[in-house]
Amino acid sequence: MLDLAWLMLALPLLGVFLNLFVTGRMSERGIGWLASAVVGLALLVAVGAFLALLKLPPQQRHIELNVYTWIASGSLSAGFGLLVDQLSIIMALVVTGVGFIIHVYSIGYMHGDPGFRRYFVYLNLFIFSMLILVLANNFLLLFVGWEGVGLCSYLLIGFWYERKSAADAGKKAFIVNRVGDFGFLLAIFLIFALFGSLDFTTVFSKAPQLVQSGVVSGAAITAITLLLFVGATGKSAQLPLYVWLPDAMEGPTPVSALIHAATMVTAGVYMVVRTSALFALAPLSLTVVAGIGLATAFFAATMGLVQTDIKRVLAYSTVSQLGYMFLACGVGAFTAAIFHLMTHAFFKSLLFLGSGSVIHALGGEQDLRRMGGLFSKLRTTGITFWIGALAIAGIFPFAGFFSKDEILWETLQESLFLWAVAAFTAFLTALYMFRLIYLTFHGPSRVSAERAAHIHESPKVMTRPLVVLAVLSILGGFVGLPLIQGGNLFKSFLEPVLARAPLAHGAAAAEAGHAAIGFELFMMIVSLAIAVAGLVMARRFFLQRPELAQRAAEVNAWLYRLLCGKYFVDEAYDLLVVRPVKQLGTILWRGFDVLVIDGIANGAADLIRGASGALRRLQTGYVKSYAVTMVLGAMLLVLYFVMR
Amino acid sequence: MSFTVPLSWYLVLSAIVFSIGVAGVLLRRNALVIFMCIEIMLSGVNLSFIAFSRFLHSMSGQIFFFFVMTVAAAEVAVGLAIILTIFRSRESVDVDEVNLLRG
Amino acid sequence: MTDSGSSLLTIIIFLPLLGVLLLAFLNGERQKGAIRAVALLTTLIDFLLTLRLWTAFDAGSADFQFEELRPWIESLGVTYHLGIDGISLLLVLLTTFMTVLAVLASWTDITKRVKEYMIAMLLLEVGMLGAFCALDLFLFYVFWELMLIPMYLLIGIWGGPRRVYAAIKFFLFTMAGSVLMLVGIIGLYFLAGKNSFDLLDILSLQLTPNLQFWFFLAFFFAFAIKVPVFPFHTWLPDAHVEAPTAGSVILAAILLKMGTYGFLRFSVPLFPLAAQSMAPLISVLALIGILYGALVAMVQRDVKKLVAYSSVSHLGFVMLGMFAFNMQGVQGSLLQMVNHGLSTGALFLIVGMIYERRHTRLISDFGGLWKQVPIFAAFFLVIMLSSIGLPGLNGFVGEFLILVGAFQANRLYAVLATIGVILGAVYMLWMFQRVIFGTITNDANRGLRDLNLREIGILTPIVVLVVWIGVYPATFLRPTDASVRRLVAGYQQAVQGAAPRTSVAPATGADAAWAARVLGEAGEPPPSERPWEMNLAAIGSTAMTSAAPPPMERRMGRDVPGAGPLPAGRR
């Protein structure tokens, strides 16, 4: 089965080609199910590969398939090669699993859209690129997938290209990601320059020795890891490059669920975990990762508090949760990061799909201020949405509790301050999530009259995926059992991939913590209490006494404005980056190109023309004046010879 | 003893004839007249060729004279043709009106 | 003397002349269809012949292949010497390929003076192919100038409203450079003293660093203007905007490559030391070109002008890679020449197609085209993505290799050039959005026809190649391997032999001192303070070749078998 891993890539690609060239006359249903089927088959392959991997002893769970040499020039050789190990198979399972569910959901959601076929072509292409990303066995191929998913994101955000905001958002996503890619590319160059190879296996096995022997300086590793992280901040929407993700909500909602919540945006986390061998050698980078991750988690959560667009709340929540994952990476808890990545994929895609169901029911309405009281009409959506919210808030026994608690626990090992901020962010998470729930599903209905008449639960093709995801959101956390002693199933499965990296501080700290089981249990209760506090406060502010929220906003008017304005980061970028660059372009063109360079060229031409203009006066055209000149010249010559 | 006119007289005459020709070319406007003046200039030159030939006892001066004569004849043929076409197109042979080559 | 006995190159180069001959018998007014068919057939056969060239090419050898060597002007020692190696092979293929498409693209675009147009096109092809194949400097120069005239006519007669200005500008800029090159060629001829313009004879010359510098400069202007290297680029936007579609395509895809090809074929192997000392300057100019071209492209209102400026940016990458002097850099730059030919050529074709329908190229006149012309938009999308270097398409492979090469040579350059990659995405996406996305605001766009079969037929082969190079570049990289390896090795040998302690050789002021040291080592009298005087003196005495004891680099070069860009022994 493991030898067939390439099928995972081939199937979605086949889907792309079929839907692009063959199924032109097929019905909508046929196209949608075809696209879903190829992803479903890829999921089966992934499951097969996973089971095959489980049968192998842990240290042999590392299979590389070299398909062909892609770019070879001099000493550079980058292959098209796949790597199937514990990390990539988990990612592949998440991608194909969530991908398949969302494909099915899309059949209902995109029903009747004129771009139906185009949509599924893009979606299959995305799955293909994402699988390249997670299965690549070298940095360059990872980058190919990285750019590929970026392209699909661009195309899908701008899917409804006739809306200017959608086209703008797509462009913004691509360009901001390019800024991140800038760092990623430089990291690749540096890796090649230092290690002479781009293969993961070679680089990771060489790195510790080279650093120890002093051939590669620690600063160089720090530079590589920081540059990689720059790439990750772009793709995974971290400070300061997170700005594209909220705008990306212009795309169809299933896209937001698949790309901008469950899979693509977690690519940065995956990349950091994949290169954990390098990060482990660069403590400074880990600190930066933790700091940026936590700051992002916090700021995004505060912005999520005041958003009025249902999808934007979820978008900021995604940014915030991604921050958690990076925090986990930063404190050396790479397994916790992947664990949270997985559970997050379940409950966040559930939430997005749920919001899509709400939007679908309301005929396109996305504003929280015009919702409310929908629970009775949208039963399935409401219940599954609740499950998702409980999971993200970290309430036992939902999936988010397990993963988030682990991150908080690992953070506490590292620093009390980091834990305090993370815990407060967890409180904010619960607060904005339940605010969303209460504003959407409970309280008085604020839906406009004509829309209220058409409210209906979504078709089964949409609600069944919700149920599946809800089940996953409940059960997904239990792979992290047993909770305590830091040695759960998930962790021990994943550990061998990271074992080659002697974790600098996280692991040591975790071992020190083993003594106090009681303390660990106590901390679980604390984090549970924090989440519950968020729920209670949200209930009070947004369900029982809405005027309290009003008053809070009025008292802290400037804070409220700051949050609503999203810290005015977009405006600052526009003022500090976008406009100056455009102006520079204009100045260079009008000023330098036209005036200076052409000025010199045309000036030279003008000089010659001017000189000839003066000389042409001599040419009167009259025979007589020529004759006079001749005679005068002859006389002068004679004179000269006579006088000499 | 025969009286011999000194060379200088010939040369002075030649110069006078030549100068008359030059003056005519420079001062007259009629192309035909200018043309004739050029012939006068040639005659002046020819005179000095003959005079030198006589005094130096060399035939080359006379040969040159014949050259000049033939060239002048050819020139007349071409020149008159040009003047004729100019007259046909402009109804005038005034050279001051022919300035198409002005730069 | 090597003559492979094959006349394939001659046939390929001069086959278009046969087409011209046929065209001469056709009536320009009444037989337009036949004229087009003859031109298309000629170029198509020529392309098929070059495919034969490709299949018969021995990728393992760095030598010139399909060589032809015949005396031409014997009193001057001019020979008719042709041959191709891995460096020219791809460009020859690109030339015949793009010419076919260019002829197809002018099918309905050109309606007046079709006969003369096609004749100019075919003559242009003769010039381009000849220049890529010529191994005799004199012959090269003849072909080089031969290209100039048909292109001048294409712009000046079939161009847009300001065509005369653009044509003259193009002509003057290019001419100014090539005249200096002629001086350089003649200088080399006399220096070699072998009564030969043959490239291989001149390669065996051992020039002093100082002479190399001056000769490099003479060739530099010709090639730099053609590339165009910043700041010699201003003829390009004008020429592109005014030229007819096919003219722009040929100009972008092939004529610009003449400059970069010239650097690779002549400047670097002939004057390695000068190339080394000039590399920092040229790299900086290339970098400026990359960023400058991108920034200026961003604010253009005319699509064609935008593409023209993007060419400046892309060719900056090519130059940067070349002057990194390592395998990845040079190979990447070679591949990027082809890539740029394909994607920019295709962009011009696309712009031409929409111009033919709407008679405008202003970005603001479009918008929302996707809905109206989806096939057009899809092709546009793929080509645009290839131009911004998306992995999986051709642009990425070239750009990546160039940047890897540049990074090894100088990290700062590579970092700055990578910024150009970001900017590249900015201007292209922005333009694409304004043209293709949104709703149709301009009513004139409502009746737009989508691409017809001919147009799809033009773009499809390009897209196939774009994907092919992106996914499996080995097909195109492998034939260049051996030649590029020899080029790089030759360069490094020359540089290491000459100045082991000088990494960055100064160009002007300190040059004298540097040259003095090198010359001093060689046992020659120290040069005067002013390099040009020394230069003249050196030419006058021809002391540098025979009289003096061999300079250091020569002795070292001789010890190593296969030293020098092309060993003299093979002749």
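Each value in this text was obtained by applying a stated rule to the coordinates, not by laboratory testing. Just so you know, these numbers come straight off a predicted model, no measurement behind them. Note that we place each Cβ from the backbone using ideal geometry, even for glycine, and neighbour counts take in every protein chain shown.
Structure above, values below:
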{"read-out": "Computed helical MRE - 222 nm, chain A, DSSP H runs ≥ 4 contributing -39500 (n - 2.57), nearest 500", "value": "-23000 deg cm²/dmol"}
{"read-out": "Chain A: equivalent-ellipsoid semi-axes (sqrt of 5 x gyration tensor eigenvalues, Cα, Å)", "value": "55, 33, 27"}
{"read-out": "Residue order, fewest to most beta carbons within 10 Å, for C:362, A:245", "value": "C:362, A:245"}
{"read-out": "0 to 90° range, to nearest 10: angle between helix A:416-441 axis and chain A longest Cα axis", "value": "80 degrees"}
{"read-out": "Cβ-Cβ FRET estimate between residue A:602 and residue C:419, R0 fixed at 25 Å, reported to 0.05", "value": "0.20"}
{"read-out": "Shape category assigned to chain C from the gyration tensor of Cα positions, a/c cut at 1.5", "value": "prolate"}
{"read-out": "Whole-number percent relative contact order across chain C, with pairs defined as alpha carbons under 8 Å at least 6 apart", "value": "15 percent"}
{"read-out": "Acute angle (nearest 10 degrees) that the helix A:28-55 long axis makes with the longest principal axis of chain A, alpha-carbon atoms", "value": "70 degrees"}
{"read-out": "Diffusion coefficient, µm² s⁻¹, Stokes-Einstein with Kirkwood Rh over alpha-carbon pairs of the stretch C:155-205 at 10 °C and 1.306 mPa s", "value": "121 µm²/s"}
{"read-out": "Inter-site label distance for residue C:492 and residue B:23 at 7 Å from Cα along Cβ, in nm", "value": "9.0 nm"}
{"read-out": "Cβ-Cβ FRET estimate between residue C:446 and residue C:475, R0 fixed at 51 Å, reported to 0.05", "value": "0.75"}
{"read-out": "Per residue, the convex hull volume that the Cα atoms of the protein assembly as shown enclose (Å³)", "value": "245 Å³"}
{"read-out": "Estimated 222 nm signal from helices in chain C, with DSSP H stretches of n ≥ 4 weighted -39500 (n - 2.57), rounded to 500", "value": "-23000 deg cm²/dmol"}
{"read-out": "Distance between modelled label sites at residue C:375 and residue C:411, nm, 7 Å Cα→Cβ extension", "value": "5.1 nm"}
{"read-out": "Relative pair counts by distance (%), Cα atoms of the stretch B:7-97, 10 Å bins", "value": "18, 38, 28, 13, 4"}
{"read-out": "Relative contact order (percent, whole number), the stretch B:7-97, Cα cutoff 8 Å, 6+ residue spacing", "value": "30 percent"}
{"read-out": "Using a Förster distance of 35 Å, the FRET efficiency for residue A:519-residue A:54 (Cβ separation, nearest 0.05)", "value": "0.55"}
{"read-out": "Other-chain or far-sequence residues with amide H under 5 Å of residue C:80's (modelled H)", "value": "C:70, C:72"}
{"read-out": "Footprinting exposure proxy for A:398, A:120 (fewest neighbouring C-beta atoms within 10 Å first)", "value": "A:398, A:120"}
{"read-out": "Chain lengthening between residue B:56 and residue B:96 when straightened (0.36 nm per residue, less Cα-Cα)", "value": "10.1 nm"}
{"read-out": "MRE, 222 nm, helices only [DSSP H, n ≥ 4, -39500 (n - 2.57), over chain B, to nearest 500]", "value": "-27000 deg cm²/dmol"}
{"read-out": "Quotient of Cα Rg and 2.2 N^0.38 Å for the stretch A:132-171, N being how many residues it contains", "value": "1.44"}
{"read-out": "In Hz, Karplus ³J(HN,Hα) per residue of the stretch A:180-189 (6.51, -1.76, 1.60; θ = phi - 60°; x = Gly, Pro)", "value": "x, 4, 3, x, 4, 4, 4, 4, 4, 4"}
{"read-out": "Positive minus negative residues near residue C:57 (Lys, Arg vs Asp, Glu; Cβ under 14 Å)", "value": "-3"}
{"read-out": "Ascending count of other beta-carbon atoms within 10 Å, so fewest first, for B:53, A:473", "value": "B:53, A:473"}
{"read-out": "Tensor-based shape of the stretch C:208-331 (alpha-carbon gyration tensor, a/c under 1.5 rounded, otherwise prolate or oblate)", "value": "prolate"}
{"read-out": "Radius 13 Å from Cβ of residue A:83, net charge of other residues (Lys, Arg +1; Asp, Glu -1)", "value": "-1"}
{"read-out": "Kyte-Doolittle at least -1.0, axis length at least 30 Å by Cα - qualifying DSSP helices, chain C", "value": "C:32-56, C:137-158, C:163-192, C:272-298, C:327-358, C:411-436, C:474-498"}
{"read-out": "Contact order normalised by residue count of chain A, Cα under 8 Å, 6+ apart, percent", "value": "12 percent"}
{"read-out": "Prolate/oblate/rounded call for the stretch C:95-187, Cα gyration tensor, a/c under 1.5 rounded", "value": "oblate"}
{"read-out": "Amide H contacts of residue A:83 (H built 1.01 Å from N, under 5 Å, at least 5 apart or other chain)", "value": "A:65, A:136, A:137"}
{"read-out": "Cα long-axis angle, helix A:116-135 against chain A (0 to 90 degrees, to the nearest 10)", "value": "80 degrees"}
{"read-out": "Other protein chain Cβ atoms within 10 Å, averaged over every residue that makes up A:618-626", "value": "5"}
{"read-out": "Separation in nanometres of the label points that stand 7 Å from Cα toward Cβ, at residue C:183 and residue C:362", "value": "4.5 nm"}
